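To start, the structure under review is shown below, and the notes come after it.
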Ligand SMILES: [Zn+2]
């Protein structure tokens, strides 16, 4: 399942979709070419399955 990470470059901030097996590894931003490490944990922008399944009503 792909995850989304934001490019840490302040002048880029591109949102990248990368495979979740790159967590803890480094990826290259396709927009600015910056190489950065993907956080091992899910980014806050993605809702976790547990919170997604929680009933709101
Ligand atoms: Zn970038």
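Every read-out reported here was derived from the displayed coordinates using simple, explicitly stated rules and does not represent laboratory data. What you see is a predicted model; the values in this text were computed from it and never measured. Every residue, glycine among them, receives a Cβ derived from its backbone with ideal geometry; neighbour counts consider all protein chains shown.
The modelled label-to-label distance between residue 14 and residue 40, using points 7 Å beyond Cα along the C-beta direction, is 2.8 nm.
With labels modelled as points extended 7 Å from the Cα through the Cβ direction, what inter-label distance (nm, one decimal) is found for residue 22 paired with residue 6? So the label points at residue 22 and residue 6 sit 1.8 nm apart.
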